[in-house]
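Each remark here refers to the structure printed beneath this line.
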Amino acid sequence: MIARPWLTLSLTDGIGPILARRMIAAAGSIHAACDADARLLQTVDGIGQAKASKIAASLREAKAKVDDVAAKTNAALARVICPDDDVYPLLLKTIPDPPLVLFVRGTIEPRDLNAVAIVGSRKCSLYGREQAERFAALLAGAGFTVVSGGARGVDSAAHRGAGQHTSGRTIAVLGSGVDIAYPPENAGLFNQITTHGCVMSEFPPGTPPTAENFPRRNRIVSGMSRGVLVIEADERSGALITARQAVEEHHRPVMCVPGRADNPQSAGPHKLIREGAVLVTRLEHVLEALGPLDASIPEMPLFEGPDEAPIAPPPSAKAQAAAVSPSQRVIFDVLSADPMDVDTLCEQTSMDAGTVLRELTFLSLKGLVRRLDGQRFAKTR
């Protein structure tokens, strides 16, 4: 079981992702970190002599729990994803404290790299629910994966909106184990999500949805997304915490949908807009805020030791051009180095605007197309 050592560290009391990474660096490998004794542990910054013995004992207890957690994971029809796995979300690896493991029901696909988070109030208005569904459907239709927290209100509306497209993908990040539906009425929704995306959590199966779990959940929502879209939230909402985390820690753009001036749930997005968040009312505004996805996303090393794998270089332009789909090829051949707007592309390719925008998104991901301003695009080379 490739995830066994990562699972061991994740189950060890007294350490989190940052301390675990320091332990791996001190021990020289993740396997050695799982066997670390108190003498080695007390040399790790943040552990010291006082905690070393307790963490060493907790490591031994964690090893004894691994088989039980693995059995519960299988019973939940889930699997454990660790940073060694190719499907571990690449953007999530770049945050300061990436999860040591992810429990996943459903599938993670390479195209989930192109993800946008939609967050907001659990007590949203009809307008908020409509906008969450609308933007999620538009993003899904343009080839984006919609990420949210599976909660009532805006989160649930976003997941449902993304599911309106047969090819749309959505990911629900839970503050409980993947076998526990919270809120309970979303059990059916979560089952649907696993057919066109996944339900994930860093908490082992059986973990209840306690209050302290949700800030940790929120960092995953932000961390695996290219940007965060806020739709309705009061000024104390957890959605604003997610937004600030996206900007300050994950360096992701934050976008907000404006609301009614007299609705308290509009206070949060309006405050963020005053502080510099991007006001969006259309899909094109979101695409402008995100910009092109760099083909060579820097990956934060999870440890500094002999087992660290080198980061693969980005694929060459020739290889990227060879990998385009037939419809992408048609659009790419029509484009030139001079700016061309979406309407012109629709005319010259006989494709609808939704298809053109979706395929332009994928061409942008491959580094073959660049967005200039508004709805104008051009070849990068």
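For segment 138-172, filtered to residues that are in a helix (DSSP H, G or I) and out of contact with any strand residue (DSSP E or B) (no Cβ under 9 Å at 6 or more places or on another chain), the residue that is modelled with the highest pLDDT is Leu138. Return the residue satisfying two criteria in turn: it lies in segment 1-11 and is in a helix (DSSP H, G or I) and among the hydrophobic types (A, V, I, L, M, F, W, C), and of such residues it is surrounded by the fewest Cβ atoms within 10 Å (Cβ to Cβ). It comes out as Leu9. The set of residues in segment 12-61 being part of a loop (DSSP other than H, G, I, E, B) and farther than 28 Å from Gly223 by Cβ consists of Asp35, Asp37, Gln42, Thr43. How about segment 216-246: which of its residues are within 15 Å of Pro99 (Cβ to Cβ) and either in contact with a helix residue (DSSP H, G or I) (Cβ under 7 Å, 6 or more places away or on another chain) or of a type outside the set (D, E, K, R) (or both)? Selection gives Asn218, Arg219, Ile220, Val221, Ser222, Gly223, Met224, Ser225, Gln245.
What about Thr73, is it touching a residue at least 40 places away in the same chain (Cβ under 8 Å), surrounded by 19 or more Cβ atoms within 10 Å (Cβ to Cβ), in contact with a Pro (Cβ under 8 Å, 6 or more places away or on another chain) and within 20 Å of Pro204 (Cβ to Cβ)?
yes
If you check Gly48, Gly28, Gly14 for being within 19 Å of Lys65 (Cβ to Cβ) and surrounded by fewer than 18 Cβ atoms within 10 Å (Cβ to Cβ), only one passes: Gly14.
Is one or more of the residues making up segment 178-189 assigned to a loop (DSSP other than H, G, I, E, B), within 26 Å of Glu288 (Cα to Cα) and touching a Ser or Thr at 6+ places or on another chain (Cβ under 6 Å)? No, segment 178-189 contains no residue that is assigned to a loop (DSSP other than H, G, I, E, B), within 26 Å of Glu288 (Cα to Cα) and touching a Ser or Thr at 6+ places or on another chain (Cβ under 6 Å).
Please work out if Ala64 is outside any loop (DSSP other than H, G, I, E, B) and out of contact with any strand residue (DSSP E or B) (no Cβ under 7 Å at 6 or more places or on another chain).
When the stated conditions are applied, Ala64 passes them.
The values are calculated or read from the model by the stated rules, or taken from the named source; none is laboratory data. Note that the structure is a prediction, hence the values are computed from the model and not measured. Because the Cβ atoms are built from the backbone with ideal geometry, glycine has one as well, and the counts that use them run over all protein chains shown.
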